[in-house]
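Just so you know, all these numbers are worked out from the coordinates, no wet-lab data involved. Just so you know, these numbers come straight off a predicted model, no measurement behind them. No Cβ is skipped: glycine too gets one built from the backbone with ideal geometry, and neighbour counts run over all protein chains shown.
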Amino acid sequence: MKNGITVLPYAVYMTEQGEGLPAREAEERLGLRNVAGLRENTMAYRILRAHDRSRRKGAMELSMDALVSPDNVYVSIIQTARASGLREFVLPFVLTNCHNSLCSVGGTINEDDHQFGLSCAKRYGGIMVPAYQAVIHQFMRECMTSCGSMVMGADSHTRYGALGTIGIGEGGGELVKQLLGQPYELSDPQVVAVLLKGRLRHGIGPHDVALSLTSALFASGIVRNKLLEFRGGGVSGLSMDMRIGIDAMTTELAALSSLWITDDRTKEFYCRHGRGDAFREIRPEAPACYDGVIEVDLDKIQPMIALPFHPSNAYPIREFQENAREIISGVEAEGRRTMENFSLQKHFTDGRFRVQHGTVAGCTGGLYENICAVRNILKEFPGLASDQSLHIFPASQPIYHQLAETGAAADLSAAGAVLLSASCGPCFGVQDIPANNRLSMRHITRNFLNREGARPSGGQGAGVALMDARSIAATLCAGGVLTGADTIEYDESVPPDRFDGDMYRRQIYWGYGQADHVTPVELGPNITDWPELDKLPAHLLLQVSGVYGGSVTTDELVPSGEASAYRSNPEKLAAFTLQNRDPEYFRRASALRDFSRKYRLGEGREADESLDRCCRALEAILGCTRHELGVGSVILCSQIGDGSAREQAASSQRILGGWANIATEYVTKRYRSNLINWGMLPLLTEQPLPLKEGDLLLLQDVRAGVETGARQFTAIHVNGAGEKIAAYPLICPALSEEERELLLSGCLINRFRQQRIP
């Protein structure tokens with residue numbers, strides 16, 4: 001058991017009473033056959049099967065009930081869909097404007113994107129949520145979920161399981177497929193039960209539970225790309241805000257999605273939001289079989305702190321206090337991987353670690369109960385000092401309105417806290433950026449290396465510690481000395497939350513089913529189309545443009561923060577690829593892309609004489625023309641793809657001439673899907689390849705291999721004369737027929753253009 005969490009990493013047969021037996025033991029003792037088949041009795045599978053077009057064993061083709069995208073990616077999604085033949089939105093598509101707070105000169109002005117989104121909502125029949133009305137996931141909870149439904153979002157934290165909805169975060173390409181009437185392909189996922197027991201103690205909040213789970217489970221990968229099903233007697237003792245806050249963080253476990261049993265509290269939530277007809281009771285049928293069980297003793301959860309640079313780098317606050325210098329030393333060593341002078345020593349005063357800035361925001365922190373708890377704690381103390389700050393971003397205007405009506409907003413302001421409008425900025429790295437070599441306490445979802453606004457190329461280092469809003473408030477009241485909220489006395493009562501949706505009815509454009517095809521699409525000066533991308537050639541010559549140890553996150557592949565100003569201009573955004581991990585990557589990859597273009601024209605010698613000589617030698621060896629030999633880049637790494645659903649993490653590589661990644665593990669399904677949708681081969685190797693930057697790899701007959709569904713390719717390491725030095729086996733996990741067609745076409749846009757040609 002770790003922090004109240006016990007893992008049973010094997011198939012478990014669970015009775016109606018919630019008692020579990022290992023599947024093998026159940027088969028032997030009870031004389032059962034095919035216990036594993038009882039996975040179909042889980043809540044998750046009953047919903048999945050109801051949305052499955054294929055009815056094939058082992059693979060699903062799912063149709064969603066609704067889609068949602070924030071403003072940092074919806075332009076690229078709609079532009080991709082338009083290029084692929086979009087006529088109108090065939091299901092509710094919600095466009096929210098909550099991620100970007102950058103109006104950089106040279107980048108895309110926010111309002112240009114928002115006007116584009118509104119014009120598309122009118123033309124194609126969508127739903128448009130104006131800026132500062134709500135963060136993406138709170139709006140969906142308040143207005144779009146229903147028990148038994150499925151929602152796909154272009155944001156990794158698309159999680160609505162606490163409301164009986166399976167939410168899946170995917171890259172934009174998967175949303176494009178849904179808009180064009182194509183299914184979401186999914187291999188039958190494993191389901192893990194999360195069995196909640198007991199009740200939370202005083203001072204414990206949803207982030208404490210979430211960080212305990214992430215600390216205990218992430219590194220082992222035991223729930224990676226699996227579906228979590230929350231059940232057990234402990235669920236009934238959790239308010240809906242508690243459940244929602246825990247649920248949203250299952251993304252940080254790299255889980256596929258999550259789902260909770262629904263009960264009277266769920267029903268009350270829907271009724272309070274004027275959508276009582278969206279409720280129905282959801283519970284697993286008995287008996288059911290799970291592919292593992294996570295037991296959570298809520299009584300044993302402690303106040304937690306997740307240090308940079310991952311939510312799983314979490315400790316009980318008491319444990320951190322006892323070992324602060326040792327733990328901080330490890331954090332600094334990790335930070336110096338990209339931030340040469342990174343240090344957090346300024347936070348030590350009189351031998352104690354102090355933090356003076358806090359933020360409570362987004363889809364996990366900005367919930368009504370969290371903010372009320374902060375208010376209750378601050379009321380017990382004199383207020384914030386001049387060197388302290390606390391910024392609070394309610395997750396929606398209705399929450400802000402309720403805080404004002406109950407007097408909580410006035411109390412918070414009087415204590416020195418600042419209330420701002422709904423925004424994902426602090427989590428996305430475009431708002432509330434910590435000062436150089438400073439740490440900020442935040443009740444948000446993520447604290448990855450270089451995500452929270454740090455700019456290593458400009459000498460800016462920063463870090464974020466994740467904590468529950470309650471302990472953030474307790475810490476500020478203790479003069480910045482890290483303090484768990486369980487150690488202080490305060491009133492935990494919360495005034496009733498009376499949702500007022502009138503502002504939504506007035507402010508939001510509800511256009512689903514009302515497409516007006518004569519409405520022109522408004523294109524700002526920095527909103528551009530996707531560049532032309534080639535189809536997969538017969539053979540590939542790949543130059544290694546980067547070799548990276550450890551994990552490469554999507555936030556390193558394409559940074560948030562400053563780079564997001566170019567979100568609607570694919571070519572300009574690509575210039576930021578891997579900027580914080582490897583500042584020279586763009587130069588190397590773009591030089592190779594330039595060579596590739598000239599080589600196809602027969603002018604390769606002008607760009608790189610030695611590489612041109614190698615290509616001409618390979619033409620002779622392979623008996624092919626220069627049009628059949630593609631030249632591009634590849635990166636080698638251990639783990640890749642943890643983090644955001646942003647498709648630009650793959651498309652930016654592709655725009656720069658990337659044809660493949662070679663890794664020992666792709667952490668999330670969504671990143672692998674992004675690669676395939678943009679025509680990049682997601683290749684695996686059991687051991688890191690002994691190659692260095694600049695080495696050349698030949699994938700001979702790669703197109704034929706993809707066409708025939710080959711599961712293994714050979715990467716031939718060649719010298720400048722095209723001669724073999726060594727050969728390495730590469731694994732290509734099973735591809736569906738549609739995935740093969742996407743790779744062969746070169747990208748999703750090409751694929752759907754082909755389908756439209758008579």
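What percent of all Cα-Cα pairs in the chain falls in each 20 Å bin, counting up from 0?
17, 50, 29, 3, 0
Can you give me the Kirkwood hydrodynamic radius for the stretch 313-400, using every pair of distinct Cα atoms, in Å to one decimal? Intermediate results must be reported in sequence, preceding the final value.
On the way: mean 1/r = 0.0640 Å⁻¹.
Radius from the Kirkwood sum: 15.6 Å.
Ratio of the stretch 438-531's C-alpha Rg to 2.2 N^0.38 Å, to two decimals?
Normalised Cα radius of gyration, the stretch 438-531: 1.82.
Roughly how far apart, in whole Å, are the Cα centres of the stretch 265-312 and the stretch 30-104?
20 Å
So what J values fall out for the stretch 336-349 if you push phi through Karplus, 6.51 cos²θ - 1.76 cosθ + 1.60 with θ = phi - 60°, rounded to Hz, Gly and Pro as x?
6, 4, 10, 10, 3, 9, 5, 8, 10, 5, 4, 7, 8, 9
Please give the charge dipole size of the stretch 539-756, origin at the Cα centre, charges +1 on K and R Cβ atoms and -1 on D and E Cβ atoms. Round to the nearest 20 debye.
460 debye
What is the Cα radius of gyration of the stretch 539-756 over 2.2 N^0.38 Å, N being its residue count?
Expressed relative to 2.2 N^0.38 Å, the Cα Rg reads 0.96.
Name the long-range amide H neighbours of residue 509: under 5 Å, sequence gap of 5 or more, or other chain; modelled H, no Pro or chain starts.
128
Which entries in 2/267; 57/197; 197/379; 669/692; 57/300 show an alpha-carbon gap greater than 29 Å?
Numbers: 2/267 33 Å; 57/197 34 Å; 197/379 32 Å; 669/692 27 Å; 57/300 41 Å.
Over 29 Å apart, Cα to Cα: 2/267; 57/197; 197/379; 57/300.
Taking every Cα atom in the stretch 66-185, find the radius of gyration and the maximum pairwise distance Dmax, and write them in Å.
For the stretch 66-185, the Cα radius of gyration and maximum Cα-Cα distance read 13.7, 45 Å.
Relative contact order for the chain using alpha-carbon pairs under 8 Å, separation at least 6, rounded to a whole percent?
Values: 1826 pairs, mean separation 113.8, N = 758.
Reported as a whole number, the value is 15 percent.
Starting from the Cα gyration tensor of the stretch 151-280, take the square roots of the eigenvalues, sort them a ≥ b ≥ c, and report rounded, prolate or oblate (rounded when a/c is under 1.5, otherwise prolate if a/b is larger than b/c, else oblate).
Here the stretch 151-280 falls in the oblate category.
Would you please calculate the Kirkwood hydrodynamic radius of the stretch 304-497 over all C-alpha pairs and express it in Å, rounded to one decimal?
Mean inverse Cα-Cα distance, inverted, gives 16.7 Å.
Would you list 14, 503 from fewest to most Cβ contacts within 10 Å?
503, 14
Ranked from highest to lowest mean number of other Cβ atoms within 10 Å per residue, what is the order of the peptides 660-671, 66-77?
The peptides rank, most packed first, as 66-77, 660-671.
Can you tell me the convex hull volume per residue for the stretch 154-226, based on C-alpha atoms, in Å³ to the nearest whole number?
Enclosed volume per residue, from the Cα hull, is 133 Å³.
Mean Kyte-Doolittle of at least -0.5 plus a Cα span of 15 Å or more along the axis: flag which DSSP H helices in the chain meet both, please.
Once both thresholds are applied, what remains is 206-217, 324-335, 368-378, 609-622.
Tell me, what is the percent relative contact order of the stretch 539-756, built from C-alpha pairs under 8 Å that lie six or more residues apart?
24 percent
Which far-off residues, 5 or more places away or on another chain, put their amide H under 5 Å from the one on residue 582, with H placed in the peptide plane?
Long-range HN contacts for residue 582: none found.
Say the dipole of the chain comes from +1 at the beta carbon of Lys and Arg and -1 at that of Asp and Glu; which of 540, 602, 248 then lies farthest toward its positive end?
Final value for the positive-end residue is 602.
Hey, got the dipole for the stretch 160-263? About the Cα centre, +1 on K and R Cβ, -1 on D and E Cβ, debye to the nearest 20? All intermediate terms of the calculation are to be shown ahead of the outcome.
On the way: 8 positive and 10 negative charges, 74 e Å.
Charge dipole of the stretch 160-263: 360 debye, to the nearest 20.
Taking the alpha-carbon distance from residue 346 and a cut-off under 16 Å, which aspartates and glutamates remain once sequence neighbours fewer than 8 residues away in the same chain are dropped?
326, 332, 387
Among DSSP beta bridges whose residues both lie in the stretch 1-150, state the antiparallel percentage, nearest 5.
So the antiparallel bridges in the stretch 1-150 amount to around 45 percent.
Could you give me the ³J(HN,Hα) list for the stretch 706-721, computed from phi with Karplus coefficients 6.51, -1.76, 1.60 and θ = phi - 60°, whole Hz, x at Gly and Pro?
Running phi through 6.51 cos²θ - 1.76 cosθ + 1.60 with θ = phi - 60° gives 5, 4, 8, x, 4, 9, 9, 10, 10, 9, 9, 6, 10, 8, x, 9 Hz.
So if I restrict to the alpha-carbon atoms in the stretch 602-724, what is the Rg, and what is Dmax, the biggest pairwise distance, in Å?
In Å, with Rg to one decimal and Dmax whole: 15.2, 43.
Compute, for the chain, the length of the dipole vector about the Cα centre, with Cβ point charges of +1 (Lys, Arg) and -1 (Asp, Glu) only. Units Debye, rounded to 20.
In total the dipole reaches around 880 debye.
Check the straight Cα-Cα distances from residue 122 and name the aspartates and glutamates below 18 Å, setting aside those fewer than 8 residues away within the same chain.
Within the straight-line limit of under 18 Å, residue 122 reaches these aspartates and glutamates: 71, 88, 111, 112, 113, 516, 522.
Return 428, 348 ranked ascending by Cβ neighbour count within 10 Å, so the fewest neighbours appear first.
Working: 428 29, 348 13.
Listing 428, 348 from fewest to most nearby Cβ atoms yields 348, 428.
Once you keep just the Cα pairs under 8 angstrom separated by 6 or more residues, what percentage relative contact order results for the stretch 628-707?
31 percent
Could you calculate the contour length gain from residue 625 to residue 263, that is, 0.36 nm times the residue separation minus the distance between their Cα atoms, to one decimal place in nm?
Additional length available on full extension: 123.8 nm.
How big is the Rg/Rh ratio for the stretch 545-653, C-alpha atoms only, Rh by Kirkwood, two decimals?
1.05
Can you pull a Stokes-Einstein diffusion coefficient for the stretch 54-135 at 37 °C (0.692 mPa s), Rh from Kirkwood over Cα pairs, as a whole number of µm²/s?
On the way: Rh = 14.0 Å.
The estimated diffusion coefficient comes to 235 µm²/s.
Among 308, 366, 181, pick out the residue whose Cα is farthest towards the positive end of the charge dipole of the chain, where Lys and Arg carry +1 and Asp and Glu carry -1 on C-beta, about the Cα centre.
The listed residue farthest towards the positive side: 181.
Using the alpha-carbon centroid of each, what span in Å lies between the stretch 367-418 and the stretch 187-225?
28 Å
For a protection proxy built on the mean count of beta-carbon atoms within 10 angstrom, sort 570-582, 466-478, 280-292 highest first, please. Numbers along the way, then the final one.
Details: 570-582: 21.5, 466-478: 29.0, 280-292: 19.2.
Result, highest mean Cβ count within 10 Å first: 466-478, 570-582, 280-292.
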